[in-house]
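Structure record follows, encoded as structure tokens.
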Amino acid sequence: MTNPIVSSHDCSTGITTEREMTDEETEQMRASTQESLKQVEAENAQNVAANAKLATTREKFLGMGLTQEEVDLIVPADQEVRPVEVAVAE
Amino acid sequence: MAQPWQFLGYQKLASNTAGVYFTNWFPAGTNASSYWDFNYKLVMETVTNYSGANGSEPGPYYRLNINSVYNWDVVAYSQHDDNQASGTPYQWSAYPTATTNGRPYAFEQPSTTWIMNQGTNNDAANGTRRYASGEDDTQWGTTEVSYTKQHSTGHSMRMNSFNVQSRVNGTNQCFNGYQATCGTLTGYNVAPAELYINAANWQFLAGSKFWLWGCRTTNDY
């Protein structure tokens, strides 16, 4: 399997060249992508936990007789949980 | 005293490409540490044929890397054209929106989603795209990045995108704007040699275009 293509423009000469990524560049790109995805997973875990607390808080307020509209005004919206997936280039 | 803006280069990709470099973007014998202040402007017109499941993440996402400059803190917002057809105001979407700290790349997906995505054409169930016809099954978008170093305040970037994402699952919806800003004190006086635009999760399709300008106290080309 060939490595992805990169295009490089030398500003001092004005010359643009195309080449395959080196193995090191390819590995670095993949590693940083994985690192990013791990960060999203960690953030998602925090947000899921926070959302569970928010849901519990809403239930408590509803149990106290507040309307859903009133609860929505008091309790912040759920935090975003992002999909974690890597697309595969054609 | 700063020199006038100088055009530094243009690339139009001949092949589908995963990364785009601009090298030697400082005048010979100089680097970031040679200047109290500098400005670079990067304009990109990117094309994708990736069609996301719902017009949001995941999709093609790109990264901007200034080597030796890292640890970026980023804030990002997207603009969701929710109901332009009826003349109502634009609305800020809650998604994708992000803040993140300590990233090695500026504007790095997924946390700071620099996206490029298309909806589905002529699909009644999923809605139609707003800015391309059925004959043109690609999405093009324009992204502008202003990169600045100011005295001792470190490096900062501002990104504005337009038309970078259309959306499925809605009859008249698309994401058509995106803006983000980031900054770092780390490495503010180092010597970056390359500007590297990395398509981390997809490719820049052939035909994508990139322009770079610089405004510094020295122009020696």
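Rule-based calculations on the coordinates, nothing more; no lab input. Computed from a predicted model, the values in this text were never measured in an experiment.
Coupling constants for the range A:64-69 follow from the phi torsions by the Karplus curve (6.51 cos²θ - 1.76 cosθ + 1.60, θ = phi - 60°), and in residue order they are 7, x, 6, 7, 4, 4 Hz; glycine and proline get x. What whole-number distance in Å separates the alpha-carbon centres of the range A:1-53 and the range B:1-37? Measuring centre to centre over Cα atoms gives 21 Å.
For chain A, the longest principal axis of the Cα atoms and the long axis of helix A:23-63 meet at an angle of about 10 degrees.
Which semi-axes, in whole Å and largest first, does the equivalent ellipsoid of the range A:7-74 have when worked out from the alpha carbon gyration tensor as the square roots of 5 times its eigenvalues? Before the final figure, lay out the partial values.
Numbers: eigenvalues 558, 51, 8 Å².
Semi-axes (√(5λ), whole Å): 53, 16, 6.
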